[in-house]
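In what follows, a single structure is set out as structure tokens and then discussed.
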Amino acid sequence: MLSKRFFKTKDETEVTFEFSHPEAEDVQLVAEFTDWQPVAMKFNKKQQCFKLKQRLPNDKQFHFRYLVNGSIWDNDHQADGYIANNYGTENSIVNTQRA
């Protein structure tokens, strides 16, 4: 799940990535804005999900995926959209344009 916070005085959006998976012991966010390098997400015991906050430039679209336990690729099932990738699957999309 994605939640976004727009700032009135800054040209960026704070995006909170939330993800849960029944087999997940470790989840990493892999995205264009991390140069496709995995970034560890922290487990939130209260909400029973993995979370990561990231500030991104406004009015852009970024591709991303989740890597579960170092071997299972998954998408955000509530992403802003999906696009085919070079591996025969799809990437999730986060859009930082104000609605």
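The values are calculated or read from the model by the stated rules, or taken from the named source; none is laboratory data. Bear in mind the structure is a predicted one, so any value in this text is a computation, not a measurement. Every residue, glycine as well, gets a Cβ built from its backbone with ideal geometry; the counts of neighbours run over all protein chains shown.
Take the conditions (1) at pLDDT 95 or above; (2) aromatic (Phe, Trp, Tyr); (3) more than 10 Å from the chain's Cα centre (by Cα); Tyr87 misses just one of them, which is (1). In the range 1-27, the residues that are part of a strand (DSSP E or B) form Cβ pairs under 6 Å with partners that are among the aromatic types (Phe, Trp, Tyr), at six or more places apart or across chains, as follows: Thr13/Phe6; Phe19/Phe50; Phe19/Tyr66; Val27/Phe19; Val27/Phe50; Val27/Tyr66. Of all the residues in the range 39-64, those that are more than 16 Å from Glu14 (Cβ to Cβ) and either among the aromatic types (Phe, Trp, Tyr) or in contact with a strand residue (DSSP E or B) (Cβ under 9 Å, 6 or more places away or on another chain) (or both) number 8. State the number of residues belonging to the range 16-59 that are over 20 Å from Asp80 (Cβ atoms), modelled with pLDDT of 95 or more and among the aliphatic types (A, V, I, L, M). Looking only at that region, the number is 1. When Thr96 is tested against (1) within 15 Å of the chain's Cα centre (by Cα); (2) exposed (fewer than 13 other Cβ atoms within 10 Å of the Cβ); (3) polar (S, T, N, Q), just one condition goes unmet, and that condition is (2).
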